[in-house]
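Q: Please see the structure below; I have some questions.
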């Protein structure tokens, strides 16, 4: 192992990717529909969620005079836009395979587009709404950073024989989340350096994420055509299933999730503590989907 | 919120969704609470201006044909400069107002100076001529260093440098040597006269080095540049765009698994025509030149127009087309979206004028 210190901050640019979902099986973790669908919840939440990030940051950009932060935000917006598009590709495939996600994704479009959606900033009250949305996103980005760090290091997924295209999507996305993990935090701080703004959002974001995940897994397992003949108990997710997957290393342990989410409460919190930029850059240089998009 | 505002039940029951009613109400109250207070600038965390006023402390010709100069910069008081890692570049503000980025080619362990190398291009934008005119004592304002091409070396690596692309690569190879990595290095150029740093490179383990020149070896044959890549290793490449495109294409057949290169800005425009764009917000008309993108032209009067990749794949710069026919040159929009939207970073106009919702 080299003794050089590694770069922890890199310039951010969107990477183009190409995924071929045509051969993706429904249970892309072989023999494990539960874990497959836990991870599939990402495809239900992220397209609408990340488009909301893009719209919110586009609104914030004209107010940012710090050149370096501007450059970071421009790169961040592009990365999130490509992420949203890539996950939308999986949704199409699910639909074609007999699992119609639209009842759920329509609700996400409504929640992120209408309820949380941006209206033009024409007053200081509107601006406060914008800054609150930036703070909500910073809290969500903390979650995506440690989840990205988890997925890059989860050899349980390799051992489980996860479909390589899906594994690449999860790790490419996770690596870019690790790569840009400080942007949302720095942007929120640029507008509001107070802890009260930062901390209160955790009490909205953490319960929402938990609730949405449970709801998403229940929805997917109920609609999975391959599970249609199973008894009702087997078509529902259970805590014991999660614990079993965590033991195999295909999902993070509950305790791990709670501890890492809780780090957001520390006064000394900074996103740079939540993963390795060098590890992320290494993965991104080897991602088959990123190499495939090179013309 | 009234019932008409809520989405349908998730499981298709004939009512609005109860969970969404609760969540929607909670979230909209939360945001409305934020709107009850006005945003106050006093809470903002104003970031300090990161520009540094440096001074040129050295100037050295480093290629036999005299066209490449290595400029050394330091703080006026000789103080410590920000840390950088191989692959980083500096953003220089030249006396004329031009801004240019150059890769750092010195030693990261030297905390008191930065070194860049510039090839003089007679018919370029004038930046390199200005850089070559800098003398010891000249003041230069810089921003950075920033790293768009990080060296994250471990294991084995093949370094491929073309022309002035040697500047970030040489810092990486020195690092690889120091770390005891398994490295190989290919350095391409027109002729040995034009290539900087050959003296230093001659000191390295020559069994790992291949200096190839067009005049001696001819143009590289297919697969030649990546011949020395190892199974599972990394390739770091920096050089002219055609060389980079060749390496990216040939990488598919190569046993290495990771390809690192500096991702530059927008591609040059070929076969462009002039056209006009009318911006609906104030009716102003922007002229788009044959060799500039729609985005570049609009940014002159609308500096806050949104964009990101500038290559037509991320979709950030999507705008609604109100009139006129776009020429779509991107890879992101669906046919349905292309009916009334376009990506202004790469797409152009099929006709004389477009009217855009900007």
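Bear in mind that the values in this text are calculations on the coordinates, not laboratory data. Bear in mind the structure is a predicted one, so any value in this text is a computation, not a measurement. Cβ atoms come from the backbone with ideal geometry, glycine included; neighbour counts cover every protein chain shown.
Q: Averaged across orientations, what area in nm² does the convex hull of the alpha carbons in the stretch A:136-295 project? Numbers along the way, then the final one.
A: Numbers: hull surface 46.0 nm².
Taking a quarter of the hull surface, the average projection is 11.5 nm².
Q: Continuing with this model, one more query. Over the alpha-carbon set of the stretch B:49-184, work out the extent along each principal axis and list the three values in angstrom, largest first.
A: 44, 34, 22
Q: A further question follows. Taking only the alpha-carbon atoms of the stretch A:1-95, what semi-axes of the equivalent ellipsoid follow from 5 times the gyration tensor eigenvalues under a square root, in whole Å, largest first? Walk me through the numbers on the way to the answer.
A: Details: eigenvalues 195, 84, 26 Å².
In descending order the semi-axes read 31, 20, 11 Å.
Q: Helix B:241-250 against the longest principal axis of chain B: what's the angle in degrees, Cα atoms only, rounded to the nearest 10?
A: Relative to chain B, helix B:241-250 is tipped by roughly 80 degrees.
Q: How far, in nm, would the chain grow between residue A:153 and residue A:106 when pulled straight, counting 0.36 nm per residue and subtracting the alpha carbon separation?
A: Working: separation 47, 0.36 × 47 = 16.92 nm, distance 3.28 nm.
This chain segment gains 13.6 nm when fully extended.
Q: What does chain A give for Rg and for Dmax, in Å, if only its C-alpha atoms count?
A: When restricted to the Cα atoms of chain A, Rg and Dmax are 19.0, 59 Å.
Q: Looking at the stretch B:83-232, send over the antiparallel percent of its DSSP beta bridges, to the nearest 5. Walk me through the numbers on the way to the answer.
A: Numbers: 11 of 23 bridges.
Once the DSSP bridges in the stretch B:83-232 are tallied, antiparallel ones form about 50 percent.
Q: Let me ask something else about it. Would you calculate, for the protein assembly as shown, the mean residue ellipticity at 222 nm contributed by helices, counting each DSSP H stretch of 4 or more residues as -39,500 (n - 2.57) and dividing by all residues, to the nearest 500?
A: -12500 deg cm²/dmol
Q: While we're on this one: If you restrict to DSSP beta bridges whose two residues both lie in chain B, what percentage is antiparallel, to the nearest 5?
A: On the way: 40 of 65 bridges.
Bridges in chain B are about 60 percent antiparallel.
Q: With both partners inside the protein assembly as shown, how many of the DSSP beta bridges are antiparallel, as a percent to the nearest 5? Could the numbers behind the result be given before it?
A: Details: 40 of 65 bridges.
Here the share of antiparallel DSSP bridges comes out near 60 percent.
Q: In terms of the Cα gyration tensor, with a ≥ b ≥ c the square roots of its eigenvalues, is the stretch A:100-147 rounded because a/c is under 1.5, prolate because a/b exceeds b/c, or oblate?
A: oblate
Q: State log₁₀ I(q)/I(0) for the stretch A:165-246 at q = 0.16, 0.23 Å⁻¹ as given by the Debye formula over alpha-carbon point scatterers of equal weight, solvent excluded.
A: Treating every Cα as an identical point scatterer, log10 I(q)/I(0) equals -0.92, -1.16.
Q: How big is the stretch B:7-128 along each principal axis, measuring the range of its Cα positions in Å and listing the largest first?
A: So the three principal-axis extents are 81, 37, 31 Å.
Q: Next question, about the same structure. Per residue of A:69-79, what is the mean number of Cβ atoms on other protein chains within 10 angstrom of that residue's Cβ?
A: Numbers: counts 1, 1, 2, 1, 1, 6, 4, 1, 8, 11, 4.
Mean shielding by partner chains, rounded to a whole number: 4.
Q: Kirkwood Rh over alpha-carbon pairs of the stretch B:151-208, then Stokes-Einstein at 37 °C and 0.692 mPa s: what D in µm² s⁻¹, rounded to an integer?
A: Stokes-Einstein gives a translational diffusion coefficient of 280 µm²/s.
Q: Under the √(5λ) rule applied to the eigenvalues of the Cα gyration tensor, what semi-axes describe the equivalent ellipsoid of chain B? Give them in Å, descending.
A: On the way: eigenvalues 409, 141, 133 Å².
Value: 45, 27, 26 Å, ordered largest first.
Q: Once the Cα atoms of helix A:67-96 and of chain A are each reduced to a long axis, what angle between those two axes, in degrees from 0 to 90 to the nearest 10, is obtained?
A: 20 degrees
Q: Shielding of B:36-47 by partners, i.e. mean partner chain Cβ atoms within 10 Å per residue? List each step's numbers first, then the result.
A: On the way: counts 3, 5, 6, 14, 4, 3, 3, 8, 8, 9, 4, 9.
The mean count of partner-chain Cβ atoms within 10 Å per residue comes to 6.
Q: For chain A, what is the relative contact order in percent, using Cα pairs closer than 8 Å and at least 6 residues apart in sequence? Write out the running numbers ahead of the final one.
A: Details: 332 pairs, mean separation 89.3, N = 295.
The value is 30 percent.
Q: Separate question: If you find the alpha carbon centre of the stretch B:38-98 and of the stretch A:12-87, how far apart are they in angstrom?
A: 34 Å
Q: Please compute the average number of Cβ atoms from other chains found within 10 Å of each residue's Cβ in peptide A:58-68.
A: Values: counts 7, 1, 0, 4, 5, 3, 2, 3, 6, 6, 6.
That works out to 4 on average.
Q: What are the principal axis extents of the Cα atoms in the stretch B:126-279, in Å, biggest first?
A: Cα spread of the stretch B:126-279 along its principal axes, largest to smallest: 57, 44, 33 Å.
Q: Using only Cα atoms, find the angle between the long axis of helix A:239-248 and the longest principal axis of chain A, and express it within 0 to 90 degrees, rounded to the nearest 10.
A: Orientation of helix A:239-248: about 80 degrees from the principal axis.
Q: Give, to the nearest whole percent, the P(r) tail of the stretch B:253-319 beyond 20 angstrom, counting all Cα pairs. Spell out each step's value before the answer.
A: Working: 940 of 2211 pairs.
Considering the stretch B:253-319, 43 percent of its Cα-Cα pairs are separated by more than 20 Å.
Q: In Å³ and rounded to a whole number, note down the convex hull volume per residue for the Cα atoms of the stretch B:9-63.
A: Numbers: hull volume 11.2 nm³, N = 55.
Here the figure is 204 Å³ per residue.
Q: With the alpha-carbon atoms as the only input, what is the per residue convex hull volume for the stretch A:67-200 in Å³?
A: On the way: hull volume 18.5 nm³, N = 134.
Cα-based convex hull of the stretch A:67-200, divided per residue, equals 138 Å³.
Q: What are the semi-axes of the equivalent ellipsoid of the stretch B:206-312, taken as the square roots of 5 times the eigenvalues of the Cα gyration tensor, listed largest first and rounded to whole Å?
A: On the way: eigenvalues 347, 53, 22 Å².
Rounded to whole Å, the semi-axes are 42, 16, 10.
Q: Enter the Cα centre distance for the pair the stretch A:226-265 and the stretch B:265-301, rounded to the nearest angstrom.
A: 51 Å
Q: Rounded to two decimals, what ratio of Rg to Rh does the protein assembly as shown give with C-alpha atoms and a Kirkwood Rh?
A: Working: Rg = 26.2 Å, Rh = 26.9 Å.
With Rg and the Kirkwood Rh in hand, the quotient comes to 0.97.
Q: Give the separation of the Cα centroids, the stretch B:103-142 to the stretch A:273-295, in Å.
A: Cα centroid to Cα centroid, the span is 31 Å.
Q: With a Cα-only, solvent-free Debye model of the stretch A:227-295, what are the log10 I(q)/I(0) values at q = 0.15, 0.18, 0.27 Å⁻¹?
A: After summing over all Cα pairs, the log10 values are -0.84, -0.92, -1.11.
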